Structure formats: structure tokens, C-alpha cells
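The values are calculated or read from the model by the stated rules, or taken from the named source; none is laboratory data. Quantities reported herein were computed from a predicted structural model and do not represent experimental measurements. Cβ placement follows ideal geometry from the backbone for every residue including glycine, while neighbour counts extend to all protein chains displayed. Ligands, DNA and RNA are excluded from the accessible area calculation, which covers all protein heavy atoms including side chains. Shrake-Rupley method; radii C 1.70, N 1.55, O 1.52, S 1.80 Å.
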Amino acid sequence: MSASGVLSFTQQGWEQVLAKVKRAVVYLDAACAESLHWGCGSTRLLEAVGGPDCHLREFEPDAVGGGAKQPKAVFVLSCLLKGRTVEILRDIICRSHFQYCVVVTTVSHAVHLTANHVPAAAAAEMEGQQPVFEQLEEKLCEWMGNMNYTAEVFHVPLLLAPVAPHFALTPAFASLFPLLPQDVHLLNSARPDKRKLGSLGDVDATALTPELLLQIRCLVSGLSSLCEHLGVREECFAVGSLSRVIAADLANYAPAKNRKKTAAGRASVVFVDRTLDLTGAVGHHGDNLVEKIISALPQLPGHTNDVMVNMIALTALHTEEENYNVVAPGCLSQSNDTTAKALWEALLSTKHKEAVMEVRRHLVEAASRENLPIKMSMGRVTPGQLMSYIQLFKNNLKALMNHCGLLQLGLATAQTLKHPQTAKWDNFLAFERLLLQSIGESAMSVVLNQLLPMIKPVTQRTNEDYSPEELLILLIYVYSVTGELTVDKDLCEAEEKVKKALAQVFCEESELSPLLQKITDWDSSINLTFHKSKIAVDELFNSLRDIAGARSLLKQFKSVYVPGNHTHQVSRPHPSDYPLLILFVVGGVTVSEVKMVKDLVASLKPGTQVIVLSTRLLKPLNIPELLFATDRLRPDLGF
């Protein structure tokens, strides 16, 4: 039993898939592609497929079918095999020439029974049988056009995207986010005949929507498989209302009863709601290079946890923007490159200054090994200096191939260091420190009045000023760090001023960003009236007040801020006598928080192994996106 178990768990799962893909057309959905990306890399899948052609395709309604010379297909899916997912499967197969179809689902058969409303007692009697999968196998043969063709449907728990030996994410649950007090009203309206919920403290599994409950069960099934792989019997703990439901479901998960009886090891699994401390997620006090990279560089298409690295500097193309899409982007995950992987893991656990020096050291050593004409320079690491080292590899194909992973991380670092967002990071940090000082000394109304002059319409903003999205990040920071509010006349007046200023800014934007479209429920600022904008901002402030009161139900850990110390956050691990601690943050986690947890456990409980799991890797902008999502209670499960 070791923390590196998250990697072996993922790789063992993918080995089962790879055993089936030889000379097949392989269809993957986004979450499974992300698990592959971090777990063993697409190269490993291409090698297993074999043949000169690339047969990897995205699982989507318009996916290209298999041709006459492509008789075999493998579908790797992260969702339940129901409804829309099955319809897409049928349509792809019907327009193809397949004679052999394999469908791999990351969702266990037990959860499929739950999704099909099979009572728990009846499901228990079916142990060892898989009627849902068997029925789909018959359908696959029917769609292929011959009942004598071969069809297989089976479950592999491809839950995780392992970012590091002690840290993994769950791409299929990237949108899972804790409940807010305003959700209690929505839950009550959906159950008019049942007892009214008074607060989030009253929420249990029976109060949740069927969709959210099923999403939780899918997650619990995967976590149970992880515990089985680790050989542990888990004790579950929770901080927060949604975490409490998840922990209870894992503790009572019927298919795990036999595993728990025979498991030799012990582990504590602690679930924590992200909403209890959004300060750490939207703040800029994390002195970590990786956090700055994922904030500055564009997201890798189809992924929630990796970025696009512009590789054009290693080609003969000019660096004009129109050429950016000509060359495939690089990324952060380097699962098949030992040296680059070691550097990546170092970047996760070191401070910004040490990290950029480590990147420079790796580039210098690689250039020296390849006998490239490197000119040594000491002192501060600059983007120009890193680029000069990277350019040495440009016309040397062998050197470029040998160090491709390292060069991607080097380019990611250089592009981040010279990105305008990185310069703004320090502005954010300075203002957050000022806010902390004000919160310690003044009322919330004073803090909001300090923020008011910074709310500027697009016609008055410079690059140094804050965009509407960045202002939302600051507001979330303020309300989360402040905690429970004393509502008085001064606060209401200060909030009203900020609301009116924000509403006006939204109306005057030349173009509404996707986030502002979501908040205002409007596609364009052209027809967005002040009245409509103000209604949206009022709702936004309801959410902010919910954030401020998120810790009100806790008996401990009510504050994330200690006056006089500008860097304290709350995330102490639960006291436990078990040798393995698995901390699951529901709603996302930052790199700095993962390091903090690791360091805390090492200092408070030496010898205890720790694995940090979360739904996604966070950058500040993710929080408003998740917070103002409208489908929190009814997630799209693909059917």
C-alpha cells in the first residue's frame, strides 16, 4: 500500500483496455481521454492499436464510423450506458462495418442496476450476474447486423487522472460542486409533499435530486474500486453537507461489504466541501509556478486539467498568431518521459523561484548532453534566457525528440513568465493582502467601498485594471475570507453601490464572456438592459452571501483567516490512527493546497501516507464558473 497506488490503479485499468484494442477503431469520451492522458499517454494506446493509421476518435454523435476494412471497434466511456449514450453507440455502429464491438464503461454494473431502478435486495441476489451488460451485448450484435458477431461489455474503473504519485483528479466529476444555502429552496420546491429542509445541515441523500444522487453513486463506485486496489478498509469522515452525503454513501456501499471484511490495510477517507474555503481557490498567495501556468495558458481542448503550450518556436514557422493552430500544442502531462515527469513533480512541490531555476537547470543539462553550444548565465531566470536555451534544440531533430517533454515544460514556463496575467498575479496578491488588513480592522462595508473605484467600464479600463470576471474573483475572495456577515444598513448600502456599478459594467461590455453570459442569462451585451443586468447581479450577491455563511454550520474551523497573519488557510487533516489518509476535496483543489496538505501531514503525523484526490485542478477563474453554474443539482449524466 503506497501513495503511488493512484498511478498503478489507473495503469492497471488501462492495461485491461489496451488488451482489447489491437487493430481496432477506438472511441473515447473526454473524461476517459483525460485519464489516459495523465495515466499512460496516448502513445501507449497507439502502440497497442498498432498499424500505420491512427484510429482514435472522439465519442460524439457525429463521430466517423468504421470503414469496410475496419471490422473492430472499442468504445471507452465514462458514463452510464443508458439513454443518449446508447443512442450514439447505436448510430455509430449502424453506419459502420463492425463485426466485433467492445464497450468499456467506467461505471460498475451495480450502479447500472441502481440507474435502472432495481431494488437493493434484488440487486444483491444478482451478485456475479450482469444482465444490463448482457442485454447491451445483444443489442450491439443486432446493430452490427449479425447475431453471430462478437460483442463484449465490461466495467473498468478508469476513475482517476494521476497528476503525481500522491495526487489525482476525477475528470468525469469535474462539474461536481458542493451545495449552497440557496439550493435548499430548490430542493424543497422539488419535494412539496415531504418535510421542508431548514438548512444545508438537514440535507441527506433522500433530499437530493435523482441525477445528483446517481452522480454521487458513480463516484463512490470508483472510490470503492480504488480502496480495493489499495487493499484497505476505509473509515469515512466529512466536513460539509455534500461531503457528508458522499461519505455516508461510501461507508454504506453494499458491493464493498465483502471487500471490507477481507482488506488487510486501513485508511481514513476525508471528504471536504470546497465551498467551506473558496479563499484558497481564488486567492493568489500560492507561490507556485504550476498555478500560474494553468491560469495564464489556454486550456487544452476537451480537458479540464491541462493547458496548451505553443510549440511554434521549435519550428521554422513565423510566430504570428495565424500560425498557432498549424502546429499541435504541447501540454503539461508527460507520462511517458521519465526526465520530464521528474521535473513536473518537482514543479508541483517547489516555490516559484526554485521552480524556474529547476527548469533552467534541466534545459542546461539536456543541452550539454546533446553537445549543443550553450552559453551559461547565472542570476535571475528570464523568459528570454529560457527561450535562448530552447531554441538550441530547434534544428536538431534527434535532440528535440530526446527532450520533447522537457521542452514542452520549458516553453510553458517561458510563455507564462512573459504573459500579462503573470504580472497581474502580483497585483492581485497585493490587493488581497490589503483586503486582509482591512477585514481585520474594518467592517465589510468599508472593504466594499475600497473595491468600488476599481469597477470600471471597458472604455475606461487599462491592462492594469480588473475585468468583470476578475472583480468577481475578488468579491468571492472577500466574502469567503470574511465569513458570516452582520447585515446592517452600512453593508446593504455598500453592496447596493457595488451591485449598480457591476450591473452597469456588464451592460457596457463590448462582448459578454461565456461566464458573464451564464450569469446574466444573456448572449450579448447589446440587448442587455440595466434592469436585467441588475437582477442577475442581485442573484450573484445572494450567492456571495451564501459563501460568507458556508461555515456557519461548523462547530470548528469557522475561520480561514487569523488577524495578524496574512497567509493562513484552513485544511487541517482529520486526526486519524490509520497509516493512509485519503483527502478528497469536492469541487476542486489548487496545487498549493495539495503541497500544504502533504507538508502538514508530514509534520503532524510523520509516517502517515497521504493521497489527495479532487474533482479538478483549480485556477481562480474556475470558481465563478462552478459557483454560478445552473446545473449543480441536475448534472448531465448522458441520458
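3J(HN,Hα) along the range 446-451, derived from phi through the Karplus expression 6.51 cos²θ - 1.76 cosθ + 1.60 where θ = phi - 60°, amounts to 5, 4, 5, 5, 5, 6 Hz, with x in place of Gly and Pro. Accessible area per residue (1.4 Å probe, heavy atoms of protein chains only) ranks Trp522, Trp425 as Trp522, Trp425, with the largest value leading.
Go through Lys351/Lys375; Lys292/Lys456; Lys260/Lys598; Lys72/Lys619; Lys72/Lys518; Lys489/Lys534 and tell me which ones have a Cα-Cα distance over 31 Å in this structure. Can you show the working numbers first?
Values: Lys351/Lys375 26 Å; Lys292/Lys456 25 Å; Lys260/Lys598 26 Å; Lys72/Lys619 40 Å; Lys72/Lys518 42 Å; Lys489/Lys534 20 Å.
Violating the 31 Å Cα-Cα cut-off are Lys72/Lys619; Lys72/Lys518.
Applying D = kT/(6 pi eta Rh) to the range 221-358, where Rh is the Kirkwood radius over alpha-carbon pairs, T corresponds to 20 °C and eta to 1.002 mPa s, the Stokes-Einstein value obtained is 113 µm²/s.
Counting other Cβ atoms within 10 Å of each Cβ, which trypsin sites (Lys or Arg not before Pro) in the range 70-136 have at most 15 and sit in a DSSP loop? In loop regions of the range 70-136 (DSSP not H, G, I, E or B), the sparsely surrounded trypsin sites (Lys or Arg not before Pro) are Arg95. Applying the Karplus relation 6.51 cos²θ - 1.76 cosθ + 1.60 with θ = phi - 60° to the range 256-265 yields 3J(HN,Hα) values of 8, 4, 5, 4, 5, 5, 9, 5, 7, x Hz, where x marks Gly and Pro. Local charge for Ala247 was computed over the other residues whose Cβ lies under 12 Å away, with Lys and Arg +1 and Asp and Glu -1, and equals -4. Separation of the range 614-637 from the range 230-271 is 25 Å, based on Cα centroids. Annotation: amide H-H contacts under 5 Å for Val103 (H modelled 1.01 Å from N, sequence separation of 5 or more, or interchain): Phe75, Glu152, Val153, Phe154.
Think of it as helices only: each DSSP H run of n ≥ 4 in the chain is worth -39500 (n - 2.57), and spread over all residues that comes to -14500 deg cm²/dmol at 222 nm.
For the range 6-158, the Kirkwood estimate of hydrodynamic radius, built from reciprocal distances between every pair of different alpha carbons, is 15.9 Å.
Each Lys or Arg adds one and each Asp or Glu subtracts one; over the other residues with Cβ under 11 Å from the Cβ of Glu358, this totals +1.
Once you list every other residue whose beta carbon is under 13 Å from the beta carbon of Gln517, what net charge do they have if Lys and Arg are +1 and Asp and Glu are -1? It would help to have the intermediate numbers written out before the result.
Working: positive: Lys518, Lys532; negative: Glu469, Glu509, Glu511, Asp521, Asp523, Glu625.
The answer is -4.
Both the radius of gyration and Dmax for the chain are 25.6, 77 Å, in that order, over alpha-carbon atoms.
What does the convex hull of the Cα atoms come to per residue for the range 421-550, in Å³?
Working: hull volume 13.4 nm³, N = 130.
In the range 421-550, the Cα convex hull volume per residue is 103 Å³.
Quick one: ranking His112, His55 by accessible area, 1.4 Å probe, largest first, what do you get? Can you show the working numbers first?
Numbers: His112 0, His55 35 Å².
Ranking His112, His55 by accessible area, largest first, yields His55, His112.
Scalar couplings 3J(HN,Hα) for the range 206-222, obtained by applying the Karplus form with A = 6.51, B = -1.76, C = 1.60 to θ = phi - 60°, are 5, 8, 7, 5, x, 5, 5, 5, 5, 4, 4, 5, 4, 5, 4, 4, x Hz; x denotes Gly and Pro. For the range 298-418, carbon and sulfur atoms together expose 56% of the accessible surface, with a 1.4 angstrom probe and every protein chain in place. The Cα atoms of the range 270-427 cover 52, 35, 33 Å along the three principal axes, with the biggest extent listed first. Cβ-Cβ distance of Arg191 and Thr630, R₀ of 22 Å, FRET efficiency by 1/(1 + (r/R0)^6): the value works out to about 0.70.
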